[in-house]
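Here the structure is laid out as structure tokens; the discussion comes afterwards.
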Amino acid sequence: MIQVTDRIVIDERDLDERFVRASGPGGQNVNKVSTAVQLKFDAQNSADLPDDVRHRLLRLAGAKASRDGVILINAQRFRTQEANRRDALERLLEMIREAAVPPPPPRKKTKTPKAVKARRTDEKTRRGSIKALRGRPRGDD
């Protein structure tokens, strides 16, 4: 069992790892050793995820999620299989943690108080009268 958050725990049997050859770091080993990890997690059929978290997770995963609700994470950043396994798992857990946070409630629209509107119009009037004094003096003086 993998502890994701206080209320979410994932069974390790829900995770499926495959090892494939990776491009990138590895030197001559890159052509011989399967160090890249493909981590699959069936979010759609996981009993461990609450429904609201599952929906947010699939939306958050985007192109990493298939139509069947399976999330596929490819990890090949590191030269060793073990480091790539940790990286893939940590990326999945981080995605689930992010999906576990509920979105903030929508903002409630508030009405501007009458006093604020009056203050603004008074200030505009005062500014206008100051600017009017900057004009050229009239010839009827």
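In the set 54, 67, which member is surrounded by fewer than 10 Cβ atoms within 10 Å (Cβ to Cβ) and basic (Lys, Arg)? Sole residue among the options that is surrounded by fewer than 10 Cβ atoms within 10 Å (Cβ to Cβ) and basic (Lys, Arg): 67. Would a scan of the stretch 95-110 turn up a residue that is within 28 Å of the chain's Cα centre (by Cα), without any contact (Cβ under 8 Å) to a residue 40 or more places away in the chain and surrounded by 14 or more Cβ atoms within 10 Å (Cβ to Cβ)? Yes: the stretch 95-110 contains one or more residues that are within 28 Å of the chain's Cα centre (by Cα), without any contact (Cβ under 8 Å) to a residue 40 or more places away in the chain and surrounded by 14 or more Cβ atoms within 10 Å (Cβ to Cβ). Taking helices (runs of 4 or more DSSP H) as the structural unit, those lying wholly within the stretch 32-141 and holding at least 1 residues that are modelled with pLDDT under 85 correspond to 51-61, 81-100.
The values are calculated or read from the model by the stated rules, or taken from the named source; none is laboratory data. Fair warning: this is a prediction, and the values are worked out from it, not measured in the lab. Virtual Cβ from ideal backbone geometry, glycine too; neighbours counted across all protein chains shown.
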